[in-house]
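The structure appears right after this line, and notes come after that.
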Amino acid sequence: MSVRSILHAALLITGVLLALPALPQGAPAGPTSPATAPAAGVAQPTLDDPIASKREYELSLKLRCLVCQNQSIAESDAGLAVDLRNQVRQQVAEGRSDREIIDFMTTRYGDFVLYSPPVKASTLLLWYGPMLLLLIGVIVAWRVVRARKTIPVQAPLSDSERARAAELLKGKGKLK
């Protein structure tokens with residue numbers, strides 16, 4: 001067997017293993033009530049489930065670290081970010097939808113926790129402020145350019161004015 005065929009076989013086996021559903025390895029993290037309990041026979045995500053891990057990571061990228069403010073909770077090492085990641089992991093393990101998890105976080109921390117806050121009355125300036133500033137800048141630049149075009153061009157100096165200026169520069173003439 002060549003190295004190339006071994007690599008192809010390894011990739012094929014890896015793909016098949018990743019496509020298989022994860023087997024449950026115990027009870028989901030956190031308490032479950034009968035209303036939120038999963039249906040019998042439905043596989044629950046575990047820490048070893050690559051699909052749940054990917055979903056957890058993608059959700060963590062959508063949530064802002066409240067301490068760092070310029071990083072997502074997936075990128076931050078702050079204590080609060082670790083707690084928020086654990087909260088997301090727990091809710092994914094409980095089988096909650098992405099919308100439910102995001103709603104929980106925004107209810108608890110407000111729209112600021114989202115990297116893409118919703119468009120509503122309190123966030124209009126955030127969404128449309130940059131375009132408004134750009135529009136104001138374009139209008140100001142247009143008016144400045146237009147005003148410069150209307151400045152009258154001064155006629156060149158006559159011979160007598162040029163001679164008078166030369167005398168003043170040499171210090172021979174007196175100012176009127």
message: Here is a check on your reading of the model: is L47 in contact with a strand residue (DSSP E or B) (Cβ under 8 Å, 6 or more places away or on another chain), open to solvent by 60 Å² or more (accessible area, probe 1.4 Å) and either at pLDDT 90 or above or not charged (D, E, K, R) (or both)?
response: no
statement: Of the residues in the stretch 102-113, those that are of a type outside the set (V, I, T) and open to solvent by less than 50 Å² (accessible area, probe 1.4 Å) number 3
query: Which one of R99, R148 is open to solvent by 90 Å² or more (accessible area, probe 1.4 Å), in a helix (DSSP H, G or I) and under 30 Å from D49 (Cα atoms)?
result: R99
query: When you go through S116, S76 one by one, which is the residue that is of a type outside the set (A, V, I, L, M, F, W, C), part of a loop (DSSP other than H, G, I, E, B) and either open to solvent by less than 80 Å² (accessible area, probe 1.4 Å) or touching a Leu at 6+ places or on another chain (Cβ under 7 Å) (or both)?
result: S76
- request: Take L66 and decide whether it is open to solvent by less than 90 Å² (accessible area, probe 1.4 Å), outside any helix (DSSP H, G or I) and not small (G, A, S).
  value: yes
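Scan I13, I102 and give me the residue that is farther than 30 Å from T123 by Cβ and either modelled with pLDDT of 60 or more or of a type in the set (F, W, Y) (or both).
Within the list I13, I102, the selection yields I13.
The values are calculated or read from the model by the stated rules, or taken from the named source; none is laboratory data. Predicted model only: the values in this text are computed from it and were never measured. Cβ coordinates were reconstructed from backbone atoms using ideal geometry, including for glycine residues, and neighbour counts include every protein chain displayed. Surface areas here come from the heavy atoms of the whole protein model, side chains and all, with no ligands, DNA or RNA. Shrake-Rupley method; radii C 1.70, N 1.55, O 1.52, S 1.80 Å.
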